[in-house]
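Read through the structure below, which is laid out as structure tokens, and then see the notes.
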Amino acid sequence: MTLAPLVAGATGRPTLSFELFPPRSDGGRETLWRKLSDLLAANPDFVSVTFGAAGATRGPSRDLLCHVLRTTAVPAMAHLTCVGSSRREVVELAGEFFDAGVRNVLALRGDPPAGAADWAPHPDGVATARDLVELLQVADRRRLALRGGSRPLDEGELTLAVAAFPRGRDEHELAVLRAKQDAGARFAICQVTFSADEYAAFVHRARAAGITIPLLPGLAVSDDARRLQRIGELTGVPAPRALLAALDDEDPRARRRAATAFTSGLAHGLLAAGAPGLHLYTFNAAAPALDLLDHLDLTRPATRPATRPADPTPAAPAAAAAGGPTR
């Protein structure tokens with residue numbers, strides 16, 4: 001399913017989406033499958049699957065995408081980073097995703113592997129997300145040509161999304177986003193935000209800069225103060241001190257109530273500001289996301305079939321990271 005019209009408001013309602021990342025072990029994989037079942041019961045419009053630095057989770061990310069696409073009716077979006085990869089490697093990986101049924105890709109520059117002091121960009125690499133957007137369209141057209149120019153009836157058009165950064169205030173950041181739009185991006189998923197006013201101000205600046213694509217805000221849904229602090233370290237977007245203080249309670253029920261109260265207030269504020277939907281960074285935890293949905297009056301689409309025939313090949317374990325788009 002092509003997501004661009006949905007995020008652009010074709011249904012007349014806000015979208016709901018979850019970000020997932022590949023599990024770290026066999027045990028983690030089985031746990032994720034159970035949590036995934038709970039999350040998908042909320043009938044999201046799509047889920048996105050992260051991709052490790054420099055392709056570190058290539059196989060596991062693909063396997064998780066395949067699991068969602070083959071065993072559910074929920075559309076899946078693949079994250080794809082280009083940093084450290086050659087153009088040929090990017091095209092090969094894109095072909096793997098396309099062959100697996102992926103028609104929605106979040107095109108990211110990505111970050112080099114952490115701690116790799118001797119790391120260097122690939123001499124024939126793709127340097128920016130804008131270039132990646134262009135290359136993915138070339139790869140899709142080439143794949144279509146090799147198949148005789150005809151697209152299967154059940155294969156939609158390729159939708160490319162990109163990252164946006166509400167906290168950035170300089171004109172260069174907006175120029176980069178405009179370039180990604182002009183290259184063919186159909187919507188943007190925003191880095192985590194803790195302020196509806198900050199998001200609204202960003203949208204206002206973006207529109208003034210000629211950026212017309214939908215800008216989907218990202219919410220960190222967690223009752224773990226350490227996780228939110230880590231997000232601040234990685235993204236430069238600190239969680240509010242009042243929220244962190246409320247999550248410092250010894251009672252897990254109190255922490256959960258505090259997290260839900262904050263995120264539900266934020267979600268209502270974002271929707272009131274005109275957000276086209278909500279993209280939830282779940283950190284593979286179902287309970288906080290489902291608690292949030294219990295406090296929102298979001299119209300959901302008609303119930304999809306619960307499952308498709310299960311994929312007989314289980315997904316492989318992986319190491320992965322989450323925390324929002326990286327360029």
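Can you tell me the dipole magnitude for region 146-282 around its Cα centre, using point charges on the Cβ only (Lys, Arg +1; Asp, Glu -1), in Debye to the nearest 20? Spell out each step's value before the answer.
Working: 17 positive and 16 negative charges, 26 e Å.
About 120 debye.
Suppose each label sits 7 Å from its Cα in the direction of the beta carbon; what would the ARG141-ASP124 distance come out to in nanometres?
2.0
Based on alpha-carbon centroids, what's the gap between region 118-168 and region 43-112 in Å, whole number please?
Taking the Cα centre of region 43-112 as reference, the centre of region 118-168 is 11 Å away.
Could you tell me which residue out of CYS66, PHE21, ALA100 lies farthest along the dipole of region 4-294 toward its positive end? Charges go on the beta carbon: Lys and Arg +1, Asp and Glu -1, centred on the Cα centre.
ALA100
Show me 267-274, 65-72, 151-158, 79-86 ranked by packing, highest mean number of other Cβ atoms within 10 Å first. Don't skip to the end; give the middle numbers.
Values: 267-274: 16.8, 65-72: 20.2, 151-158: 12.2, 79-86: 23.2.
Listed from highest to lowest mean packing, they are 79-86, 65-72, 267-274, 151-158.
Antiparallel versus total DSSP beta bridges in region 4-294: what percent is that, nearest 5? All intermediate terms of the calculation are to be shown ahead of the outcome.
On the way: 1 of 30 bridges.
Percent antiparallel among DSSP bridges in region 4-294 is about 5.
Indicate, rounded to the nearest 5 percent, the antiparallel portion of the DSSP beta bridges found entirely in region 1-141.
Just about 10 percent of them are antiparallel.
Rounded if a/c is under 1.5, else prolate if a/b is larger than b/c, else oblate: which is region 111-219, with a ≥ b ≥ c the root eigenvalues of its Cα gyration tensor? Walk me through the numbers before you get to the answer.
Details: a/c = 2.21, a/b = 1.33, b/c = 1.67.
Since a/c reaches 1.5 but b/c is at least a/b, the shape of region 111-219 is classed as oblate.
If the only charges are +1 at each Lys and Arg Cβ and -1 at each Asp and Glu Cβ, what is the size of the charge dipole of region 4-294 around the Cα centre, to the nearest 20 debye?
The calculated dipole for region 4-294 is roughly 420 debye.
Quick note: the coordinates plus some simple rules give every number you see, no bench work behind them. Just so we're clear, the structure is a prediction, and the values are computed from it rather than from any experiment. As a convention, Cβ positions derive from the backbone with ideal geometry for all residues, glycine included, and neighbour counts pool all protein chains shown.
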